[in-house]
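Here the structure comes first, spelled out in structure tokens, and everything after it is commentary.
Derivation of every value follows stated rules applied to the coordinates shown; laboratory data play no part. This is a predicted model, so every value here is computed, not measured. No Cβ is skipped: glycine too gets one built from the backbone with ideal geometry, and neighbour counts run over all protein chains shown.
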Amino acid sequence: MHADAILELRNLKAGYATNAGFVRAVDDVSLTLHRGEFLGIAGESGCGKSTLAYSIMRLLRDNARIESGSIIFDGTDITSLDEKAMNEYRWTRMAMVFQSAMNALNPVLSVEEQLVDAVLAHKQVTRADAKKTAMEMLELVDINAERIASYPHQLSGGMRQRVMIAMALLLKPDLLIMDEPTTALDVVVQRSILQKIEELRHIFGFSVIFITHDLSLLVEISDSLAIMYAGKICEYGPSREVYASPDHPYTKGLMNAFPTLTGPISRMGGIEGQAPSLLSPPPGCRFAPRCNVAIDACTKEVPLLQVTSPGRLCACRLCGGNHE
Amino acid sequence: MNNVILELKHVSKHFALSGLRNISKVVHAMDDVSFFLNKGESLALVGESGSGKTTTASVIAGMYEKTSGEIYLDGQPVLPFKTREASLRYKKKVQMIFQDPFASLNPTHTIRSILERPFLIHKLAGSTRELEAMLCDSLEMVGLSPAKEYLHRFPHELSGGQRQRVNIARTFAVSPEIILADEPTSMLDVSIRIGIMNMMLDLKEKKHVSFLYITHDLAGARYMSTRIAVMYAGMIMEIGPTEEVIANAVHPYVQLLKASAPAPQEGVRKAAIPAKGEIPSLVHPPSGCRFHTRCPYAKKICSEEVPAMRDIGNGHFVRCVLV
């Protein structure tokens, strides 16, 4: 493990048991997250990015499980911890902001009760101290501390998402996982929340895993970028480099799939077809059926994530990497 | 002027609130909206949620009755419809693509029965064989081929992108002149959005239709349109040629919207945007300019009078007294 790594995933496999069979939503994912780093994970719906997040938090649903591999958090493999030991980590060391703040907050409890509960569940403090912590945190996310008495329906969507961020940061975790935290929000609100996260990251120094389908947003805010496709990471590297010169054909397709506000308007390509079902993923490279440069061998051998240049990884036999 | 196919003049739509406590309270969803749409043109209507853009499309589509103002199609005032025939004639010309491809197709009907409705309602097919050919043509037109493979399927058997293609096929079935596209790609995966956008651009050229393209994404609006109208809290704040509005945004709200959009080519921006607050309540909209409560440049006058749309040349209009 790297000295300054806070989280390391090694060959992680996780999935869901469904009536139609086992769906491996996270397939052999390895990643390293450094202290203070902002990692963006981009991928389309169904690519396994949320499953990855819930695996790290060990919050998978009943029909889901981690099959194999390890999640090493600050030197400890947390995959084998029991619930009690896991609770020492959850929320105290690593916390999560869920996608839909509308559903993640309990509508019949006030913000105060929910925030204070989160503190008391993990820390031996008095209720008054817990409330004080909660109010300080609310001020930090730009919500007037008096609003602590509010119920979720009295807050706007943006404010509810700020409450979720405050709740995640209450115990000053080392790792903050954000699963599409701004997808349901308008662009202006999204922008102000991203600014807030940047500000808080500089105050507290936590690492971030930011999961979204909006690649244009990630490129702008993250230090490093992992692109997921059909359960696997297909490309990884510093965001600026991946944006400037993507290696993997899927990344190239994604980069050519969102219009920009500046520069010439040219016809964009996007990607033909649709992502495969994870119940029966295609053999070989999972992107091969949609890839416009695929050769025969692509459909036969699974490409491994290989170093293409310092700090950059790509899983494609056509961009210098090896294969199985 | 004869190139204008659709024109709205000072159109407003207020929704009455329900409940005894709310008697005489209304939501000002759309206020004093004026714009025109040229033949074969694509106009983007951009705004955040709650800005009134979908209400605008629904009022034009005849789904909601306007509260005041006039809507002209080919120079003739329309709405409310006096007869069913008038309604059908209008709806054959003006069609809408809905945002949610999962909710806008009846899950218990096959694609055939969904798609044959417009042909039957508008009596477009002379015989069963002709109908069959028309169904196949419209599916092939949106890239669902071979069409026979899709006709017997149910919506749940199609992906989101395919469903939206069926929606678009249904919209084009009656050879409309105006398409109201209400965020047609916002619920689709990023990799397939551009394919749907390209298809709409192609169909617009091929079928000579005019598009009102509704979106919250300024960059998408730029890709799809030649003119842009930006709505905020029920009112149009700025309208003009796409490139001009985006490159030289004049209204403080449009500038804010532009600064908020993701800009991967620029890297992390250090300068914070002067955003404060969120879209105001439309039950009690702010007095004067609706943006003054959030505007970093607001002066006293901004809260006192509603600014008029001002012509700043080149077909570029702005609703701001400070310009």
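Structural remarks
- Local net charge near A:Leu7, Cβ-Cβ under 12 Å (Lys/Arg +1, Asp/Glu -1): -3
- Ratio Rg/Rh, restricted to segment A:104-172 and using Cα atoms, in which Rh is the Kirkwood radius: 0.92
- Taking the centroid of alpha carbons for each part, segment B:125-188 and segment B:33-77 are 24 Å apart.
- For the protein assembly as shown, DSSP calls about 60 percent of its internal beta bridges antiparallel.
- Cα centroid of segment B:200-253 to Cα centroid of segment A:33-61, whole Å: 35
- Relative to its residue count, chain A spans a Cα convex hull of 149 Å³ per residue.
- Each other residue within a Cβ distance under 12 Å of B:Leu6 adds +1 if Lys or Arg and -1 if Asp or Glu, for a net charge of -2.
- Legend: mean number of C-beta atoms from other chains within 10 angstrom of residue C-beta atoms, peptide A:217-225, equals 3.
- Summed residue charge, Cβ within 10 Å of A:Ala25's Cβ, Lys/Arg positive, Asp/Glu negative: +2
- Computed packing ranks the peptides B:8-15, A:16-23, B:304-311 as B:8-15, B:304-311, A:16-23, most packed first, by mean other Cβ atoms within 10 Å.
- Among B:Ile192, B:Ala61, B:Tyr223 - extreme Cα towards positive end, dipole of chain B, charges at beta-carbon: B:Ala61
- Computed over the protein assembly as shown, the Cα gyration tensor eigenvalues convert (square root of 5λ each) into semi-axes of 42, 34, 23 Å, ordered from largest to smallest.
- Each residue of segment A:151-157 was assigned a 3J(HN,Hα) from its phi angle through the Karplus curve 6.51 cos²θ - 1.76 cosθ + 1.60 (θ = phi - 60°); the sequence is 9, x, 5, 8, 10, 6, x Hz, with glycine and proline shown as x.
- 5 angstrom amide H check on A:Gly40, placed H, neighbours 5+ away: A:Phe210, A:Asp223, A:Ser224, A:Leu225, A:Ala226
- Across B:Lys123/B:Lys148; B:Lys9/B:Lys39; A:Lys123/A:Lys196; B:Lys13/B:Lys299; B:Lys92/B:Lys204, pairs whose alpha-carbon gap is larger than 20 Å: B:Lys123/B:Lys148; A:Lys123/A:Lys196; B:Lys13/B:Lys299
- Between the helical axis of B:111-121 and the longest alpha-carbon principal axis of chain B there is an angle of about 80 degrees.
- Diffusion coefficient, µm² s⁻¹, Stokes-Einstein with Kirkwood Rh over alpha-carbon pairs of segment B:71-223 at 4 °C and 1.567 mPa s: 80
- Cβ neighbours within 10 Å from other chains - mean over A:265-278: 4
- Per-residue average of Cβ from other chains inside 10 Å of B:183-195: 6
- Relative packing of peptides A:228-236, A:153-161, A:118-126 - highest average C-beta neighbours within 10 Å first: A:228-236, A:153-161, A:118-126
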